[in-house]
Every structure is written in structure tokens, then in C-alpha cells.
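Any read-out appearing in this document is the output of simple, stated calculations on the displayed coordinates, not a laboratory observation. The shown structure was predicted, so the numbers you read here are calculated from the model rather than taken from an experiment. Backbone-built Cβ (ideal geometry, glycine too); neighbour counts: all protein chains shown.
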Amino acid sequence: MRRNPDKERAYPTWNLAKQLHGEGKLTPVRALFAAPSKPVEELCDLRNDPHEVANLAAAEQRQRLESMRGLLDGWLAEASDEGVRREDPVATYEGYLGAGGEK
């Protein structure tokens with residue numbers, strides 16, 4: 001599990017899951033949730049796997065994944081979604097706080 005200070009303070013089970021994962025005491029399914037990193041892409045069959053355990057973003061589903069990427073890219077372009085544009089974190093910070101650093 002990624003480090004998340006807010007969740008570490010607010011959800012005691014978050015820390016317990018990380019601890020048990022480190023000790024190798026979780027079932028394989030629960031270990032997926034507590035893993036230190038996740039796959040970049042996941043594709044699940046929600047009808048047959050409603051808990052999203054099996055990641056189908058492998059070779060046998062590559063064509064479907066590529067089709068879904070194309071649909072998303074088309075929608076982002078059509079909606080003029082700005083989320084695809086990389087932002088300069090310093091400029092964002094200064095824009096949020098103002099040039100003087102005060103909100």
C-alpha cells in the first residue's frame with residue numbers, strides 16, 4: 001500500500017493491513033489490496049468478479065484494453081478535458097498561494 005498519512009491517521013486497519021502484508025499473514029487476495037504498488041492499468045469482469053480481484057489487463061484482453069483506451073482518448077479530446085495536460089507543480093502552487101506565498 002502506498003504511504004498515505006491521512007489514511008494512516010484516520011483508518012487503523014490501513015496500518016494493520018500493511019503490517020500483516022509485511023509479515024506475510026494475508027491471503028493472496030488480501031495481499032493484492034495491501035501490495036506496495038498496483039498495476040498501471042486494471043481491467044476486471046464485474047459480472048464474474050464483482051470484487052475486482054482478477055486483473056484481466058494481460059495479453060488475452062489486450063485488444064479490449066486498447067479499444068477502451070481509444071474510447072477514453074476520444075472522449076477526453078471531445079470534452080476538451082484539461083486533465084491530459086501536464087502541469088508545472090511550482091506554477092500551480094504559486095497560482096494557488098499567490099506570488100507572495102500567501103493565500
Excluding exposed DSSP-loop GluC sites (Glu not before Pro) (at most 14 other C-beta within 10 Å), longest clean stretch of the chain: 53-86
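For the chain, what is the Kirkwood hydrodynamic radius in Å, using each pair of distinct C-alpha atoms?
Result for the chain stands at 17.6 Å.
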Calculate the spin-label point distance for Lys7 paired with Val90, positioning each point 7 Å from the Cα along the beta-carbon direction, and give it in nanometres. 3.1 nm
DSSP loop trypsin sites (Lys or Arg not before Pro) in the stretch 1-101 with at most 12 other Cβ atoms within 10 Å of their Cβ, which ones? Arg2, Arg3, Lys25, Arg47, Arg85, Arg86
Along the charge dipole of the chain, pointing to its positive end and built from +1/-1 on Cβ of Lys, Arg, Asp and Glu, which listed residue (Pro50, Leu26, Leu65) has its Cα farthest out? Leu26
Might you report the magnitude of the Cβ-based charge dipole of the chain about its Cα centre, with Lys and Arg at +1 and Asp and Glu at -1, to the nearest 20 debye? 580 debye
Sequence-distant or interchain residues sharing an amide H contact under 5 Å with Cys44, placed H: which? Leu56
In sequence order, calculated HN-Hα J values of the stretch 88-93 (Karplus, 6.51, -1.76, 1.60; Hz; x Gly/Pro): 7, x, 5, 5, 5, 4
